[in-house]
Amino acid sequence: MNMSFYTAAVGAFQQQLRMDVQSHNIANVNTQGYRCERVAFGELMNRDVEGINGDNLPKGTGARMIHAPIDTTTRGFKDTGMTFDFAINGDGFFAVFDPATQEVSFTRDGAFEMNEFQIPPAEDAEPEYDENGELIEPEPTTVWRLSDNFGRCVLDSQGNFIVIDPENREADLDVGVFDYAIHYGMLHTRDNRLILLDFLDQGQSARMDGPYDQGIQAQVVLALLDHLSIDRACVLGISYGGEVALRFAIAHGERVERLLLFNTTARTGPWLGDIGDAWNLAAGDADAYYLTTIPVIYSPRFYREKQDWMAQRRETLRPVFGDPNFIQPMIRLTNSARNYDVTDRLGEIQAPTLIVSCQQDYLTPVEEQQLLLRQIPNSHYAVLPGCGHASMYEQPVLFAALTLGFCNASKTEYHIS
């Protein structure tokens with residue numbers, strides 16, 4: 001009797017959550033770029049009971065709302081007659097950068113406009129003087145950018161701001177459209193805050209003048225959290241990023257809410273060190289560098305079944321791998337981890353930690369993550385079957401589910417009595 005009451009109560013509460021999602025959809029029916037949400041439910045724990053004929057019958061304890069993924073299906077188009085209104089025909093999202101928070105968000109709302117932005121003078125700008133020798137105070141530069149009605153700057157296909165010439169508003173604009181293999185892993189900004197970091201010497205971050213030690217990247221993470229006034233955060237790292245995450249968790253454990261390590265090792269041993277040397281030796285030839293670095297990060301089955309995609313990747317990466325401005329930072333990145341070894345300090349990590357291995361990871365094999373599991377207190381372990389080093393490409397659903405589940409779980413320890 002009591003179990004039936006609790007099952008009914010759980011169901012009623014979950015139905016209320018479903019009604020909340022539906023009412024939110026209805027309230028935004030006229031909101032530009034809004035995409036409705038579809039509620040998905042899952043069963044809670046079942047147990048078997050004996051039926052009339054002795055058969056085992058499942059007896060449930062109710063259901064719960066698992067997630068409410070966003071429906072990104074393309075709808076009908078409407079010509080607004082506005083110069084800066086855009087729509088996406090197919091999959092993808094516009095990317096908008098918020099100057100106040102330094103964050104990038106994704107949206108289907110293409111109702112953009114031209115707004116004025118003041119760019120402060122460069123700190124290293126040469127001073128100017130008037131005819132009397134008086135210093136002329138530098139003034140900010142005015143630029144016009146494509147932005148939304150929240151003042152967020154729209155990004156082009158290369159991730160740069162879109163600058164508009166006020167005298168030529170009809171010029172074609174390269175408005176970027178970005179897409180992902182999994183959409184329901186994307187959350188509303190009200191639920192989670194995702195911060196992506198380009199390490200020093202990588203991506204859009206500043207280039208280094210010469211060799212450096214990997215430890216400096218952990219200091220970059222600390223400086224970023226301080227700059228954003230974030231006391232504690234869930235820190236996720238993949239491969240080299242996982243090594244930096246380990247360094248950060250050891251040195252600044254009080255700043256780590258939870259730690260997530262995908263395809264990560266505690267040390268650069270002879271195996272990984274020789275692989276890094278092979279990459280560096282191949283760096284003078286774009287095709288050689290591709291063939292040395294890329295095939296090995298995927299599982300054989302994925303590489304075989306995704307031949308068209310891999311061929312496209314090769315054509316995309318060939319000019320990148322032939323560019324010294326990319327290759328030299330990659331050599332420095334590889335060399336920066338040459339002396340990496342935090343094995344003896346893993347026991348200092350106190351944050352709840354998720355460790356994820358991939359069954360066919362040939363760069364950082366499973367035994368490397370099993371070492372982490374043995375040494376890190378309060379650690380949890382998962383293995384992705386039939387998957388290579390690039391888990392976010394091969395198993396995006398599992399990657400997102402593990403990440404979101406671990407970060408958002410109300411508890412990381414359960415005691416069954």
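The values are calculated or read from the model by the stated rules, or taken from the named source; none is laboratory data. Bear in mind the structure is a predicted one, so any value in this text is a computation, not a measurement. Because the Cβ atoms are built from the backbone with ideal geometry, glycine has one as well, and the counts that use them run over all protein chains shown.
Here are the numbers for the structure shown:
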quantity	calculated
Condition check for G133: more than 23 Å from V163 (Cβ to Cβ) and of a type in the set (G, A, S)	yes
Unmet criterion (only one of (1) under 29 Å from L398 (Cβ atoms); (2) under 23 Å from the mean Cα position of the chain (by Cα)) for F326	(1)
Hits in segment 323-361 (condition: surrounded by fewer than 16 Cβ atoms within 10 Å (Cβ to Cβ) and closer than 26 Å to F302 by Cα)	Q359
Subset of segment 237-257 (residues that are crowded, with 19+ Cβ neighbours inside 10 Å and either more than 20 Å from the chain's Cα centre (by Cα) or in a strand (DSSP E or B) (or both))	G237, I238, V256
Tally, over segment 375-417, of residues that are free of Cβ contacts under 8 Å to residues at least 12 places away in the same chain and assigned to a helix (DSSP H, G or I)	1
In segment 208-229, the residues that are of a type in the set (S, T, N, Q) and in a loop (DSSP other than H, G, I, E, B)	Q214, S229
Residue match in segment 117-131 (condition: surrounded by fewer than 16 Cβ atoms within 10 Å (Cβ to Cβ), of a type in the set (S, T, Y) and in contact with a strand residue (DSSP E or B) (Cβ under 8 Å, 6 or more places away or on another chain))	yes
Residues (assigned to a helix (DSSP H, G or I) and either loosely packed, with under 13 Cβ neighbours inside 10 Å or among the small types (G, A, S) (or both)) located in segment 296-313	P300, R304, E305, Q307, D308, W309, A311, Q312
Segment 211-227 residues that are among the small types (G, A, S), paired with ones that are at pLDDT 95 or above (beta carbon under 7 Å, 6 or more apart)	G215/R247; A218/V244; A218/R247; A218/F248; A218/A251
Wholly within segment 85-172, strands (runs of 3 or more DSSP E) carrying at least 3 residues that are modelled with pLDDT of 80 or more, touching a Gly at 6+ places or on another chain (Cβ under 8 Å) and outside the structural domain of N28 (by TED's automatic domain parsing)	94-98
Pairs, first basic (K, R) in segment 275-301, second not in a helix (DSSP H, G or I), C-beta under 7 Å, six or more apart	R301/G386
Residues of segment 20-29 that turn out to be surrounded by 11 or more Cβ atoms within 10 Å (Cβ to Cβ) and either assigned to a helix (DSSP H, G or I) or modelled with pLDDT under 70 (or both), as a count	5
Condition check for D344: out of contact with any Lys or Arg (no Cβ under 9 Å at 6 or more places or on another chain), in a helix (DSSP H, G or I), assigned by TED's automatic domain parsing to the domain that holds L398 and not hydroxyl-bearing (S, T, Y)	yes
Hits in segment 293-313 (condition: out of contact with any Gly (no Cβ under 9 Å at 6 or more places or on another chain) and farther than 17 Å from R332 by Cα)	I294, P295, R304, E305, K306, Q307, D308, W309, M310, A311, Q312, R313
Identity of the residue in segment 362-407, buried (at least 16 other Cβ atoms within 10 Å of the Cβ), at pLDDT 90 or above and small (G, A, S), that ends up farthest from K306 (Cα to Cα)	S379
Residue within segment 262-278 that is of a type outside the set (F, W, Y), modelled with pLDDT of 95 or more, assigned to a strand (DSSP E or B) and surrounded by 15 or more Cβ atoms within 10 Å (Cβ to Cβ) present	yes
Every residue from segment 279-295 that is among the charged types (D, E, K, R) and not in a helix (DSSP H, G or I)	D285
